[in-house]
Amino acid sequence: MIHFSRAAVLCVAILAATPTFARDCGPDALGVSRTIAIGPKGAALGLQSYPRTLDLADREVVLTFDDGPAAPTARVLDALAKECARATFFIIGRNAEETPALVKRAAAEGHTIGNHSYSHPAMTLRLLEDNDAKADIEKGIKAVERAIGDKTAPFFRFPGFADTPALVSYLEGKGYTIFGSDLWASDWSPMSPKGELDLVMSRLEKAGKGIVLFHDSKAQTAQMLPDFLRALKARGYRLVHIAPGEGETPIVEAGPGWSSTTEPIIAKTLAGKSKLPRGADPGAEGHRHPAGDD
Ligand SMILES: [Zn+2]
């Protein structure tokens, strides 16, 4: 029988409780420049889908990842940890059931855990009956909360951005903030990590700031992430973390002439498709992203 001294047990307990993100990454790391508290009053943000977004200063960037946890997620978490960077993960419920340890790790390393439906319906939530869509959303939230053993952030991103006014009201009524994106890496399209890096940096240089969408389910994204974080640092971008909090979410309205980037893509993807019958299995057709093959 092995006996541990009380001090040794305490020491092990402290080590186990010390989050890995607490380590000092040094002055060269990207780090987090500030955290924005997202208030409990629901909102729908992200200029690609909505005429308003988070009020960020020039060269401020919010990192978001969809569709995990998946095989490349560990590599994404490694890259973020190395730079003491924080991101928000919009988790698919059934993936959380399959790989709970990775979601738990993301939460333990200080990332914000948001929701992205249970089954990432191939037909999108827009093509489900309202009650079926709500059931899928709620099932997803429960699955992710089981995986992390805690509440998720009241943050939601619609699969393929395919919302409906009724579902937006439903989530806002629950105090959820709906996140679209301000720019994306198009990482649902196969490309080299270097190609993806060049594309997302050129889009970021053009936008100057914003909520950026990646997929931690994509190996090319996991591969380019260390270089992307280095490029942010080198070009003077600052990382902003988002987390649930009190008060008003800082929001800025889009200027005149705003139009949705996502709607034409969704319309094209859903053309000719009709709503699934009530009670249909939303995941039966597998994963597909209206804004690309995801
Ligand atoms: Zn997705």
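Numbers for the structure displayed
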item: Translational D in µm²/s for the range 160-246 (Stokes-Einstein at 20 °C, 1.002 mPa s, Kirkwood Rh from C-alpha pairs); result: 146 µm²/s
item: Spatially proximal aspartates and glutamates relative to Lys104 (Cα-Cα < 12 Å; intrachain offsets below 8 disregarded); result: Glu145, Asp150
item: Label-point separation in nm, Val252 to Ser169, each point 7 Å along Cα→Cβ; result: 3.1 nm
item: Cross-link reach list, aspartates and glutamates versus Lys206, counting only Cα pairs under 20 Å and skipping chain neighbours closer than eight places; result: Asp55, Asp58, Glu60, Asp182, Asp187, Glu196, Asp198, Asp227, Glu253
item: The range 14-150: relative contact order as a whole-number percent, Cα under 8 Å and 6+ apart; result: 23 percent
item: Neighbourhood charge, 12 Å Cβ-Cβ cut-off, centred on Pro277 and excluding it, Lys, Arg +1 and Asp, Glu -1; result: -1
item: Cβ-derived FRET efficiency at R0 22 Å, Asp281 paired with Lys134, nearest 0.05; result: 0.90
item: Projected-area mean, the chain, by convex hull of Cα positions, square nanometres; result: 17.9 nm²
item: Mean ellipticity per residue at 222 nm, deg cm²/dmol - from DSSP H runs of n ≥ 4 across the chain, formula -39500 (n - 2.57); result: -11000 deg cm²/dmol
item: Full-stretch length increase - Thr35, Asp150 - with 0.36 nm per residue and alpha-carbon distance subtracted; result: 39.4 nm
item: Within straight-line cross-link reach of Lys273, lysines at Cα separation under 30 Å, skipping those fewer than 8 residues along the same chain; result: Lys134, Lys139, Lys142, Lys174, Lys218
item: Of the DSSP H helices in the chain, those whose Cα atoms cover at least 15 Å axially and whose Kyte score averages 0.0 or more; result: 6-17, 219-234
item: Long-range HN-HN contacts of Ile91 with modeled amide H, under 5 Å; result: Gly114, Asn115, His116
item: Computed over the chain: relative contact order in percent, which uses C-alpha pairs under 8 Å that are six or more apart; result: 32 percent
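Every number in this text was worked out from the coordinates using simple rules, so none of it is lab data. None of these values were measured; they are calculated from a predicted model. Quick reminder, even Gly has a Cβ in these numbers, built from the backbone with ideal geometry, and neighbours come from all protein chains shown.
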